[in-house]
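The values are calculated or read from the model by the stated rules, or taken from the named source; none is laboratory data. In this text, all values refer to a predicted model and were calculated from it rather than measured experimentally. Every residue, glycine among them, receives a Cβ derived from its backbone with ideal geometry; neighbour counts consider all protein chains shown. Calculation scope for accessible area: heavy atoms of the full protein, side chains included, ligands and nucleic acids excluded. Shrake-Rupley method; radii C 1.70, N 1.55, O 1.52, S 1.80 Å.
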Amino acid sequence: MAEVELTNVVKQYAAGVKAVKEVSLKIKDREFMVLVGPSGCGKSTLLRMVAGLEEVTAGEVRIDGKVVNHLPPKDRNVAMVFQDYALYPHMSVEDNLSFGLRLKKYPKDEIEKRVAEAAEVLEIKHLLERYPKQLSGGQRQRVAVGRAIVQRPKVFLFDEPLSNLDAKLRVQMRVELARLHNRLQSTMIYVTHDQTEAMTLGGRITVLRDGVVQQVDTPIHLYEEPANQFVAGFIGMPPMNFMRLSVLQENGQVRLHGGSFDLPLPAEISGILQKRRAVGRDIVMGVRPEDIYDTLYTPQRTLSDAIRCVVDVVEPLGSEIYVYLRNGKHTLTASMGPETKIEPQQEMNIVLDFRKVKFFDPESEKRIDAAVP
């Protein structure tokens, strides 16, 4: 397989619009790298530049150590799976799988061998004689992946391949793609706007925003140690809650003032905020929904003082309950256990797990409570 390296890659369209802004990224040999971000962040454009479907305005794209900027797609030894299955409707599954190899004039026995291997891996041997109109969405996507597998490329490229599937099929195909990577041990680059897909599939994740890389890390480290407010809010479901609060100090005690509540801070957090010169100004506090607790069911943790809230909406999901809360100008989403008994418009006292709370600069959006990359 191959390593893919992007060095200061830029994609600029007419009128000076930059879709990708000096992205440098190294995808290791046999790695499953996920590019994630909101629509318009440049992730698909980046993938298409690796594939050769978009011209690189500046910078270098290397595959297996070789600069490929000016090579056509057919000479890059990559295979791409698109959001649209793009199967030929008049061809059987077997013919769809073999079409690219037949164009390249591979020997018949080699074509049959590769098609059989791909069908075995994807469990579609029983579908080889069918036509695309006779297949379900998940089966069509397997055929599209199989068409890439038979090419035996150095790099697999996936551009939101599951977005046309229903929720149940997406989960099933995620598992199958993870198994496929484990089996093939190939280099894969996967584009999605779905952070659940990113977290479950990626060995590492690259988070993009407006054509700029925000953070590259493992799923767990992205979740636990986001570099900035954007990453913290994008990774995790439901998203992290953010509140703009004032940092005050009286009689040696540092606390957070939120209008209708004050939260005295533990010494460790106070020390960090003092070192970052946050006392006397506003900061943004981030807390994940699962780190908010009803005081009636509070485990033994490093907790804040109680905050009194009004319940807006309750969403029971079986194993957990999403509770949407209001406190003055602040709104919060809490993920609580099914034992929580609460109704809309009731009052609820909540506490925060201060071991998990993050703090951000309101202007730069960078973390100010930890040394993060």
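Which shape class applies to the stretch 50-119: rounded if a/c is under 1.5, otherwise prolate when a/b exceeds b/c and oblate if not, where a ≥ b ≥ c are the square roots of the Cα gyration tensor eigenvalues? Note, shape of the stretch 50-119 comes out prolate.
Just to check I understand the Karplus step: with θ = phi - 60° and J = 6.51 cos²θ - 1.76 cosθ + 1.60, what whole-Hz values come out for the stretch 125-131, glycine and proline as x? So the Karplus estimates, Gly and Pro as x, are 4, 6, 9, 4, 8, 7, 10 Hz.
Across the stretch 267-275, computed HN-Hα scalar couplings (Karplus, 6.51 cos²θ - 1.76 cosθ + 1.60, θ = phi - 60°) run 4, 4, 5, 4, x, 5, 5, 5, 5 Hz from first to last residue, x flagging Gly and Pro.
If one computes P(r) from the Cα atoms of the stretch 165-321, what percent of pairs lie at distances over 18 Å? Here the long-distance tail beyond 18 Å is 70 percent of all Cα pairs in the stretch 165-321. In this structure, the amide hydrogen of GLN83, modeled 1.01 Å from its nitrogen in the peptide plane, lies closer than 5 angstrom to those of ASP159, counting only residues at least 5 positions away or on a different chain.
The HN-Hα couplings worked out from phi for the stretch 20-27 by the Karplus form 6.51 cos²θ - 1.76 cosθ + 1.60 (θ = phi - 60°) are 10, 10, 6, 7, 10, 7, 10, 9 Hz, whole numbers, x standing for Gly and Pro.
Here the simple spin-label model places points 7 Å from the Cα toward Cβ, and for ASN8 and SER364 these points are separated by 2.3 nm. As an equivalent ellipsoid, the stretch 237-347 spans semi-axes of 28, 14, 12 angstrom, where each value is the square root of five times an eigenvalue of the C-alpha gyration tensor, largest first. Potential lengthening of the chain between GLN134 and LYS28 amounts to 34.3 nm, from the contour at 0.36 nm per residue minus the alpha-carbon distance.
How big is the shadow of the Cα convex hull of the stretch 214-277, averaged over all directions, in nm²?
Averaging across all directions leaves 5.7 nm² for the Cα convex hull.
Listed options for Rg and Dmax of the Cα atoms in Å are (1) 22.4, 85; (2) 20.7, 60; (3) 24.9, 84. The value calculated from this structure is the one marked (3).
Largest accessible area first, the listed residues PHE158, PHE230 line up as PHE230, PHE158 when surface is computed with a 1.4 Å probe on the assembled protein chains.
Taking 45 Å as R0, compute the FRET efficiency from the Cβ-Cβ separation of ARG326 and LEU169 and round it to 0.05. Numbers along the way, then the final one.
Working: r = 37 Å, r/R0 = 0.82.
Working from the Cβ atoms, E equals 0.75.
Cα centroid separation, the stretch 306-347 to the stretch 43-71: 47 Å. Counted by Cβ distance under 11 Å from GLU320, the other residues give a net charge of -3, where Lys and Arg count +1 and Asp and Glu count -1.
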